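Every number here is computed from the coordinates shown, using simple stated rules; none is lab data. As the structure is a computational prediction, the values presented were derived from the model and not from experiment. Here the Cβ positions follow ideal geometry from the backbone for every residue, glycine too, while neighbour counts run over all protein chains shown.
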């Protein structure tokens with residue numbers, strides 16, 4: 001199987017891998033620190049582990065849990081920044097992919113459909129953040145134009 005796995009297969013994988021992390025004592029409140037550990041360089045990781053003053057029989061999992069649960073250094077902030085960067089890169093790639101579409105696709109029948117839920121939610125957020133009025137009854141194409149005209153997703157804007 002590749003990236004297009006059956007939904008239950010993905011749920012099973014997430015639950016299984018997550019269960020191992022949870023077993024180590026790493027919970028939801030440590031999610032950003034956990035991501036920070038996974039995104040740190042090997043040299044930084046080795047330096048942190050060396051400072052653990054650990055017993056010789058400490059497993060790698062226990063060392064990871066020690067680092068994450070104590071949030072050694074700025075792991076949570078680093079993890080949050082890494083997630084934001086990953087999402088921003090995906091958003092940028094999505095925008096670039098759309099920009100590369102031929103005009104026939106950009107002007108397709110999708111434009112006349114109702115705005116997607118995601119578009120509606122994004123327009124509401126943008127309206128509040130930018131202090132601009134929401135448009136009235138618009139089509140999906142008009143919603144896309146409104147979002148683009150107001151700078152796109154503010155989560156990834158350098159101006160806000």
Taking the convex hull of the alpha carbon atoms in the range 91-154, what volume per residue do you get, in Å³? 79
What is the packing order of peptides 102-112, 57-67, taking the mean over residues of other C-beta atoms within 10 Å and listing the highest first? 57-67, 102-112
Cut-off 10 angstrom, C-alpha nodes, Gaussian network model of the chain. Which of 30, 85, 101 fluctuates the most? 101
Over the range 7-81, what relative contact order in percent results from Cα pairs under 8 Å that are six or more residues apart? 49
Alpha carbon convex hull of the range 19-160, volume per residue in cubic angstrom: 161
Contact order relative to length of the chain, as percent, for alpha carbon pairs under 8 angstrom and 6 or more apart: 20
Inter-probe distance in nm under a simple model that places probes 7 Å from Cα toward Cβ, at residue 17 and residue 45: 1.4
Two-site FRET efficiency, residue 28 against residue 125, from Cβ-Cβ distance with R₀ of 35 Å, rounded to 0.05: 0.90
